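Down below is the structure, laid out as structure tokens.
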Amino acid sequence: MAKYDKKRIGELIDGTLEFYQLKDMMTSHKDPERFEIYREVLQDRVSWDDPILLPYGLHLYIVQKANGDRIVKCDCGHEFCDYRENWKLQARIFVRDTEEKMNEIYPKLMSPDPEWQVIREYYCPSCATQLEVEAVPPWYPIILDFEPDIDTFYNEWIKKPLPTVK
């Protein structure tokens, strides 16, 4: 079973692995330490100390606060809300709901019909990083992506204690 160090996991995150390395990594059994190394690499890349419990998406994490709260947090340190709430409701939202707005990203006559589909772009209010994009019918509610069971994940899947605040 192959073991991967922080450098290799960092290359995986950055998308700089050679194809054969990525293929080997994807097809081999996962070493038991891989998630912890992955979490450590992510933790090393942020400027704040709240321990990352789980990556939640590109630039988003579920972290453990010193008071025990678990919240969604951006790379830049912006704190959204409890991880069981919908962080998107606290993001800056840009809705492409007209032909003009659609044509900023699609060639004319190749964009969705705004009466049938809109594109919602979610941005961090602090650093303006684009965090997610949804293409949905105009009337569709803002979607909560998922609500992970963090305790079960740590206790039954990786069988390690939750990271704690230093």
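Assorted remarks:
- Residue pairs whose Cβ atoms lie under 8 Å apart, sitting 6 or more positions apart in sequence or on different chains, and linking a residue in region 18-35 that is closer than 10 Å to Tyr4 by Cβ to a partner that is β-branched (Val, Ile, Thr), are Arg34/Ile9.
- Among the criteria (1) farther than 23 Å from Val63 by Cα; (2) outside any loop (DSSP other than H, G, I, E, B), the one Glu156 does not fulfil is (1).
- Single match in Pro125, Pro55 (criterion: under 28 Å from Asp14 (Cβ atoms), free of Cβ contacts under 8 Å to residues at least 60 places away in the same chain and not in a loop (DSSP other than H, G, I, E, B)): Pro55
- Screening Leu42, Leu17, Leu12, Leu22 for residues that are assigned by TED's automatic domain parsing to the domain that holds Val63, surrounded by 14 or more Cβ atoms within 10 Å (Cβ to Cβ) and in contact with a Pro (Cβ under 7 Å, 6 or more places away or on another chain) leaves exactly one candidate, Leu42.
- Residue match in region 82-89 (condition: modelled with pLDDT of 95 or more and either part of a strand (DSSP E or B) or over 20 Å from the mean Cα position of the chain (by Cα) (or both)): yes
Here's the yes/no breakdown for (1) touching a Phe, Trp or Tyr at 6+ places or on another chain (Cβ under 7 Å); (2) aliphatic (A, V, I, L, M); (3) under 16 Å from Trp48 (Cβ atoms):
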site	(1), (2), (3)
His78	no, no, yes
Cys81	yes, no, no
Ala91	yes, yes, no
Asn103	no, no, no
Pro107	no, no, no
Asp113	no, no, no
Trp116	no, no, no
Arg120	no, no, no
Pro125	no, no, no
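- When residues of region 90-104 are limited to those that are of a type in the set (D, E, K, R) and part of a loop (DSSP other than H, G, I, E, B), the one surrounded by the fewest Cβ atoms within 10 Å (Cβ to Cβ): Glu104
- Pro107, sole failed condition from (1) surrounded by 15 or more Cβ atoms within 10 Å (Cβ to Cβ); (2) outside the structural domain of Gly10 (by TED's automatic domain parsing): (1)
- Only a single item in (1) within 18 Å of Val63 (Cβ to Cβ); (2) assigned by TED's automatic domain parsing to the domain that holds Ser111 is not met by Thr164, and it is number (2).
- Among the residues of region 32-48, the ones that are modelled with pLDDT of 95 or more and in a loop (DSSP other than H, G, I, E, B) come to 4 in all.
- Residues within region 58-83 that are exposed (fewer than 13 other Cβ atoms within 10 Å of the Cβ) and touching a residue at least 60 places away in the same chain (Cβ under 8 Å), tallied: 2
- Close pairs (8 angstrom Cβ cut-off, 6 or more residues apart or separate chains): closer than 23 Å to Arg92 by Cα in region 107-120, surrounded by fewer than 17 Cβ atoms within 10 Å (Cβ to Cβ) and among the aromatic types (Phe, Trp, Tyr) anywhere: Pro112/Tyr106; Arg120/Phe94
- Residue within region 142-153 that is β-branched (Val, Ile, Thr), in a helix (DSSP H, G or I) and at negative phi present: yes
The values are calculated or read from the model by the stated rules, or taken from the named source; none is laboratory data. Not measured: the values here are computed from a predicted model. With ideal geometry, Cβ positions are generated from the backbone for all residues, glycine too; neighbour counts draw on all protein chains shown.
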